[in-house]
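Report on one structure; see the data block that follows.
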Amino acid sequence: MVDLGMPKVPQQVAPRRESRQLKLGHDDRAVLVGGGAPVSVQSMCTTVTADVNSTLQQIAELTASGCQIVRVAVPSADDAEALPEIARKSQIPVIADIHFQPRYVFAAIEAGCAAVRVNPGNIKAFDDKVGEIAKAAAEAEVPIRIGVNAGSLDKRLMEKYGSATADALVESALWECSLFEEHGFRDIKISVKHHDPIVMINAYRKLAAACDYPLHLGVTEAGPEFQGTVKSAVAFGALLAEGIGDTIRVSLSAPPAEEVKVGAAILESLGLKERRLEIVSCPSCGRAQVDVYKLANEVTAGLDGMEVPLRVAVMGCVVNGPGEARDADLGVASGNGKGQIFVKGEVVATVPESKIVETLIEEAMRIAEDMTEEEDAPVGKPQVITP
């Protein structure tokens, strides 16, 4: 039998930036952010928070998709009243998102939320409440995210800089941090989001050089799914490749589970998260002798939801096909209406084009089962073998 082993996680591009570490939550659901902890993926519910059942249902769906931290909006008293039940029943840490009303910050802390996000640019008289908020958050051990957005920057800074520049975003964030620091509170993480990846990248670089707080990366209002995915991948990739960023939220005009998928894929591509299913397929060209588009899409659909780390190569010609197929865990090199099936570099079958997808899925399931059995096998325990 071919030794399948376990695919290795790629080497990281650069060392992670050193930062403080925060703990979101107080039980076995808690997630560490910063201080060398793995970069986490988060999203935000689209439900009305006051609708507890719908919100908990969406949180469950997000959890199943790989979301590690979830944020809920708290624009009303009804939403604030729903927080205790949501925080208690959620499978992952819940962050309350607060705008305009400082009193909801206290409600979120009392409700047992894992953290609170505040937007200083649009909370009236927020600075005057910092001392009270710091005291309440410190006593409850609830971190605060200072979330600065280009679209809601303080008017004073807009007047000073003329627009939401990188310097304006950073100054806003560090000013609010300084107010909390005056009260001895440093359980803070920061975001400085902008819709323009270039401004966003520059802002986070400046922020990373100016403080040691953990950083929440985001391109705000990134746009529809395709555009938002590209903008987020470009911005996150640039920063994470430099070791900057401790938790990420991909902001898409799409269902939140799609945000989680994109975020996880970005981390996997940079070696910051163990990869699961990865399809390596050629873009097709004049050399292709099979319908590569069709094959790749059908294999992807057939293996959707696979949890084990598996690289599958779907190749359409004899130039790069055999090499890519050999290098993958599982692959096919196609040509002349048939395909050679490779498992860990060895040809295990040659099948007609009509059987390629079926054969690849069968082999993938077998490999996944073998990997699962290897993981579940007892290690280091003597076994008594009777004749």
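The values are calculated or read from the model by the stated rules, or taken from the named source; none is laboratory data. Note that this is a predicted model, so its numbers are computed, not measured. No Cβ is skipped: glycine too gets one built from the backbone with ideal geometry, and neighbour counts run over all protein chains shown. When the accessible area is computed, the model is the full protein with side chains, heavy atoms only, and any ligands, DNA or RNA have been set aside. Shrake-Rupley method; radii C 1.70, N 1.55, O 1.52, S 1.80 Å.
Does ALA173 satisfy being in contact with a Leu (Cβ under 7 Å, 6 or more places away or on another chain), closer than 20 Å to ALA209 by Cβ and not in a helix (DSSP H, G or I)?
no
Tally time: how many residues in region 139-153 are crowded, with 22+ Cβ neighbours inside 10 Å and assigned to a loop (DSSP other than H, G, I, E, B)?
Counting residues in region 139-153 that are crowded, with 22+ Cβ neighbours inside 10 Å and assigned to a loop (DSSP other than H, G, I, E, B) gives 3.
Which members of region 285-344 meet the condition of being of a type in the set (S, T, N, Q) and at pLDDT 80 or above?
If the condition is that a residue be of a type in the set (S, T, N, Q) and at pLDDT 80 or above, then ASN297, THR300, SER334, ASN336, GLN340 are the ones that fit.
Right, VAL250: farther than 26 Å from PHE180 by Cβ and surrounded by 16 or more Cβ atoms within 10 Å (Cβ to Cβ) or not?
When the stated conditions are applied, VAL250 passes them.
This table checks each residue for (1) basic (Lys, Arg); (2) modelled with pLDDT under 95; (3) out of contact with any Leu (no Cβ under 9 Å at 6 or more places or on another chain); (4) over 18 Å from LEU22 (Cβ atoms).
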site: CYS211; (1), (2), (3), (4): no, no, no, no
site: LEU215; (1), (2), (3), (4): no, no, no, no
site: GLY218; (1), (2), (3), (4): no, no, yes, no
site: GLU221; (1), (2), (3), (4): no, yes, yes, yes
site: PRO224; (1), (2), (3), (4): no, yes, no, yes
site: VAL234; (1), (2), (3), (4): no, no, yes, yes
site: ILE244; (1), (2), (3), (4): no, no, no, no
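Taking only pairs six or more apart or across chains, which ones have beta-carbon atoms under 7 Å, a first residue in region 13-35 that is over 21 Å from GLY243 (Cα atoms) and at pLDDT 95 or above, and a second residue that is in a loop (DSSP other than H, G, I, E, B) and open to solvent by 20 Å² or more (accessible area, probe 1.4 Å)?
LEU24/ALA30; ARG29/GLN91
Within region 193-214, track down each residue that is more than 19 Å from SER251 (Cα to Cα), without any contact (Cβ under 8 Å) to a residue 40 or more places away in the chain and in contact with a helix residue (DSSP H, G or I) (Cβ under 8 Å, 6 or more places away or on another chain).
ARG205, LEU207, CYS211
Given the residues VAL332, VAL299, VAL260, which is the only one that is touching a Leu at 6+ places or on another chain (Cβ under 7 Å), under 13 Å from LEU360 (Cβ atoms) and assigned to a helix (DSSP H, G or I)? Break it down into steps so the answer makes sense when it comes.
Working: VAL332 fails: assigned to a helix (DSSP H, G or I); VAL260 fails: under 13 Å from LEU360 (Cβ atoms).
Checking each option against the conditions leaves just VAL299.
Quick grid of which residues meet (1) touching a helix residue (DSSP H, G or I) at 6+ places or on another chain (Cβ under 9 Å); (2) outside any loop (DSSP other than H, G, I, E, B); (3) open to solvent by less than 10 Å² (accessible area, probe 1.4 Å):
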| position | (1), (2), (3) |
| --- | --- |
| GLY36 | no, no, no |
| SER43 | yes, yes, yes |
| SER54 | no, yes, no |
| GLN57 | no, yes, no |
| PRO75 | yes, no, no |
| ASP78 | no, yes, no |
| ILE92 | yes, no, no |
